[in-house]
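**Q** One structure follows; several queries about it will come next.
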Amino acid sequence: MKTQLERQLEQYDTHLKEERHLSDHTRDAYMRDMHAFLIYALAEGLQCASEVQALHISRYIVQLRTKGRAASTVTRHKATIRSFFLFMHREGLVRTDPTLGVDTPKAERKAPHLLTIEQVEQLLSAPDPDTAQGIRDRAMLETLYGTGVRISELIALNCDDVHLNLAFLRSIMNQKERIIPLGQVAIEALHTYMNQARPQFVMNLQHAELSMLDNTDAQYQALFVNTRGQRITRQGFWKIVKKYTNQLSWDIPFTPHSLRQSFAAHLLNNGADARAVQEMLGHADVSTTQRYAHYGERLSMKEVYTTSHPRARKPPNG
């Protein structure tokens, strides 16, 4: 015969499916965590949700830690258990949430997946410069590494956000505008793309679509477009990057975000001012930016001094 706690867990499963409309995958993840807790609770002699106290949950968390579970996993388990008890409280089956006041470990901050400067050069040189797609891909990668913009910002760029003559681009995210400088290599890659490759792709828009657009339409203004002339999606960009990392046979953890992280680390480790890098990245707190200085390749103190100090080099006529 099922315990009351088991029946309550079935009620919670129904709630996730019929009221919260969670996908089967997400609901299964919730229920796996709750079944693990159920096994522990039954072993403790607990028969219903109202018998569970903060002490029981604290012991369960200690048990998870003892088994070597990651801090992020422990935090997820607690969040799932809390979701269950919030539902129980709403149904009037418990008076208080026993998860309140239970400490959980802070999720460990994972080291960013950085590329060396040589790896960046390999990736940026991978696209074929003799094809329109290769020209576009090179421009996207050069812009990503050259400015440190987020993937969402990169694919949201419009043509009028890029000012090649003035060497900057404008990024707007969450109603906040950032002006980010462009290096010469990125400028040249963007110039080639905008004059040679992009016009070919835009011409591929179906006539029905093109007739509905004008030069102020957001779709028409998209900077980076696919071969059908439509704005590139996040998934589309990821496929492009994956193609080149497969070509390079890289056996390293890498995502498109790695280029943004590498941009920050390479600047900081070459002596750049953290506040300036923070502004370029759009970080709210400089401490978020500074953590990249702890990873990646570093210049020696002498190299930083020689590169950055105004009196470190001999005058031309000195």
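**Q** Starting from the Cα-Cα distance between residue 79 and residue 103, subtract it from 0.36 nm times their residue separation and give me the gain in nm to one decimal.
**A** So the extension gain works out to 7.5 nm.
**Q** Continuing with this model, one more query. Hey, can you rank 13-24, 39-50 by average C-beta count inside 10 Å, highest first?
**A** In descending order of packing, they fall as 39-50, 13-24.
**Q** Report the label-to-label distance for residue 66 and residue 128 in nanometres (one decimal), using points 7 Å from each Cα along the Cα→Cβ vector.
**A** 6.0 nm
**Q** Let me ask you something else. In nm, to one decimal, how far is the residue 4 label point from the residue 44 one, both placed 7 Å along Cα→Cβ?
**A** Here the modelled spin labels are 1.7 nm apart.
**Q** For residue 185 and residue 246, what is the calculated FRET efficiency with R₀ set at 30 Å and r taken between the beta-carbons, to the nearest 0.05?
**A** 0.80
**Q** Using a 1.4 Å probe over the heavy atoms of the protein chains, calculate the carbon and sulfur portion of the accessible area of region 123-201 as a whole percent.
**A** Within region 123-201, the accessible surface is 48 percent carbon and sulfur.
**Q** OK, next. Gain in length, residue 86 to residue 233, computed as 0.36 nm per residue apart minus the alpha-carbon separation, to one decimal in nm?
**A** Taking 0.36 nm per residue and subtracting the Cα distance, the gain is 49.2 nm.
**Q** Keeping all protein chains in the complex and leaving out DNA, RNA and ligands, what accessible area do you get for residue 2 with a 1.4 Å probe, in Å² to the nearest 10?
**A** 110 Å²
**Q** Grab the Cα-Cα distance for residue 196 and residue 36, subtract it from 0.36 nm times how many residues apart they are, and report the gain in nm with one decimal. The partial results should precede the final answer.
**A** Numbers: separation 160, 0.36 × 160 = 57.60 nm, distance 5.80 nm.
Here the answer is 51.8 nm.
**Q** Here's a follow-up. Per residue, how much accessible area does region 1-120 show when a 1.4 Å probe rolls over the protein heavy atoms, in square angstrom?
**A** 61 Å²
**Q** Hey, another quick one. Computing the accessible area with a 1.4 Å probe over protein heavy atoms, can you report the carbon and sulfur percentage for region 1-101? Mind dumping the intermediate values first?
**A** Values: 2970 of 5890 Å².
Accessible surface attributable to carbon and sulfur in region 1-101 totals 50 percent.
The values are calculated or read from the model by the stated rules, or taken from the named source; none is laboratory data. Computed from a prediction, not measured in an experiment: that's the story for all the values here. No Cβ is skipped: glycine too gets one built from the backbone with ideal geometry, and neighbour counts run over all protein chains shown. Areas reflect the complete protein model, heavy atoms only, side chains present, ligands, DNA and RNA absent. Shrake-Rupley method; radii C 1.70, N 1.55, O 1.52, S 1.80 Å.
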